[in-house]
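Please read the structure below before turning to the comments.
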């Protein structure tokens with residue numbers, strides 16, 4: 001059996017298992033089960049490519065979309081039997097059936113991702129789809145941030161591939177007048193996906209926009225990490241009784257009335273304090289594999305360059321990494337301990353000399369590399385970027401940097 005045949009067989013098994021799991025999740029509602037059965041039959045006949053959707057973290061995105069659509073029958077404006085089907089790929093098929101069933105008015109294609117979303121706020125996003133499709137303005141919905149008319153216009157024009165959270169953050173920043181450099185700097189941080197604490201972050205965006213000429217965009221990420229850590233992140237500390245999680249250090253911290261110089265000074269003081277924190281925190285390694293690549297030197301008498309990509313599994317290692325590259329990865333110890341992040345270090349060894357080159361954050365749940373930063377938060381390029389790309393392909397990770 002060829003590898004292609006094995007892939008097809010495995011995917012069919014995953015699809016069948018996903019359908020069984022969907023019936024189980026819908027078992028409390030006979031109406032939803034019946035609707036799901038009808039959706040399966042109709043899609044098999046009119047848009048079979050939907051079943052070719054990928055399986056991510058045991059979630060078949062196509063089957064997931066149909067199961068969720070079956071639970072939102074109250075939002076239907078047309079009968080399923082009137083749907084003509086779709087010859088597009090799996091995502092286009094989801095767009096088509098969702099627009100037909102719930103779309104009294106046209107809905108941007110990227111919003112169809114709400115039907116196969118699996119995060120804790122996914123039902124909320126499906127409610128946005130149904131309400132907007134029924135005619136409500138998007139900015140009038142129960143959103144995590146305040147959206148102006150201009151932000152709404154930008155949001156609704158987002159590219160088809162963009163995630164809903166990313167599109168909201170992007171529209172917010174552009175609507176406030178952020179430069180392209182500032183936009184890209186913010187969207188390279190976890191706040192491209194995390195829309196919580198919207199009112200506080202709105203004050204930060206206005207501060208960064210107002211002081212655009214006084215702060216290097218390379219410092220935007222560290223400033224955001226600093227503010228997130230002191231104001232919103234719970235802290236895990238080691239005590240005689242074991243590991244204890246405490247409230248954020250300064251939950252009422254405000255950016256209002258502060259200068260760029262004062263914020264950078266506080267951030268630098270915080271960086272220095274990280275050298276005394278998190279040293280005892282440790283976590284198990286992830287299933288991802290390290291990578292070693294040897295590059296012979298042009299001069300045979302010189303030692304080869306050995307590139308090494310390894311995972312960091314305790315706070316002390318993060319502290320050394322951050323000190324070597326002058327960034328704030330040490331603040332990620334709590335996230336690693338809780339399992340929401342994994343940090344990897346790319347280094348190059350020539351003889352006895354070892355140089356830290358790149359720090360990489362991996363989101364295992366999304367199977368994605370979400371950050372990669374070099375000296376003072378510089379973006380990767382050249383050989384380090386190529387090695388990162390090779391490793392991501394090998395480990396089946398998506399690059400979201």
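Read-outs: derived from the displayed coordinates by stated rules, not from any lab. Just so we're clear, the structure is a prediction, and the values are computed from it rather than from any experiment. Reconstructed Cβ throughout: ideal geometry from the backbone, glycine too, with neighbour counts over all protein chains shown.
Let me check against my output: what whole-number percent is the relative contact order of the stretch 3-136, with C-alpha pairs under 8 Å and at least 6 apart?
22
Suppose each label sits 7 Å from its Cα in the direction of the beta carbon; what would the residue 197-residue 354 distance come out to in nanometres?
It works out to 3.4 nm between the two label points.
Given a Förster distance of 41 angstrom, what is the FRET efficiency for residue 45 paired with residue 3, based on the Cβ-Cβ distance and rounded to 0.05?
After rounding to 0.05, the efficiency reads 0.85.
With the calculation restricted to Cα positions, what are the radius of gyration and Dmax of the chain in angstrom?
23.9, 76
Restricting to Cα pairs below 8 Å that are 6+ residues apart, what does the relative contact order work out to for the chain? Please round to a whole percent.
8
As an exercise, use a Förster radius of 56 Å and the Cβ-Cβ distance of residue 136 and residue 375 to find the FRET efficiency, rounded to the nearest 0.05.
It comes to 0.70.
Taking the alpha-carbon centroid of each part, what is the distance from the stretch 212-236 to the stretch 59-117 in angstrom?
Between the Cα centres of the stretch 212-236 and the stretch 59-117 lies a distance of 39 Å.
With r as the distance between the Cβ atoms of residue 316 and residue 123 and R0 = 41 Å, compute the FRET efficiency 1/(1 + (r/R0)^6) and round to 0.05.
E(calc), rounded to 0.05, equals 0.50.
In degrees between 0 and 90, to the nearest 10, how far off the longest principal axis of the chain does helix 315-325 point, with axes built from Cα atoms?
That works out to roughly 70 degrees.
If you take the square roots of the eigenvalues of the alpha-carbon gyration tensor of the stretch 3-136 and sort them as a ≥ b ≥ c, do you get rounded (a/c under 1.5), prolate (a/b over b/c) or oblate?
prolate
So how do 353, 104 line up by other beta-carbon neighbours within 10 Å, fewest first?
With the sparsest Cβ surroundings first, the list reads 353, 104.
Where Rh denotes the Kirkwood radius from the mean inverse Cα pair distance, what is Rg over Rh for the stretch 75-152?
Here Rg/Rh amounts to 0.98.
Name the residue, out of 58, 160, 299, whose mean-square fluctuation peaks in a Gaussian network model built on the chain with Cα pairs under 10 Å.
299
So what is Rg over Rh here for the stretch 173-274, counting just Cα atoms and using Kirkwood for Rh?
Looking at the stretch 173-274, the ratio lands at 1.00.
Full extension from residue 149 to residue 84: what is 0.36 nm times the residue separation minus their Cα-Cα distance, to one decimal in nm?
Between residue 149 and residue 84, full extension yields 20.0 nm more.
Calculate the spin-label point distance for residue 367 paired with residue 383, positioning each point 7 Å from the Cα along the beta-carbon direction, and give it in nanometres.
Result: 3.1 nm between the two label points.
Before anything else, pin down the relative contact order of the stretch 255-397: Cα pairs under 8 Å, at least 6 apart, normalised by residue count, whole percent.
In percent, rounded to a whole number, it is 18.
Got a sec? How would 332, 76 order by Cβ neighbour count within 10 Å, fewest to most?
Ascending Cβ contact count within 10 Å gives the list 76, 332.
Nearest 10 degrees, 0 to 90: what angle lies between the long axis of helix 122-133 and the longest principal axis of the chain (Cα atoms)?
Helix 122-133 sits roughly 50 degrees off the main axis of the chain.
If each residue's Cβ is checked for other Cβ atoms within 10 Å, how do 69, 191 rank with the fewest at the top?
Starting with the residue having the fewest Cβ neighbours, the order is 191, 69.
What number, in nm² with one decimal, is the all-direction average of the projected area of the convex hull of the alpha-carbon atoms of the stretch 259-401?
Mean projected area for the stretch 259-401: 9.8 nm², to one decimal.
By the gyration tensor of its Cα atoms, with a ≥ b ≥ c the square roots of the eigenvalues, what is the shape of the stretch 325-401: rounded for a/c under 1.5, prolate for a/b over b/c, or oblate?
oblate
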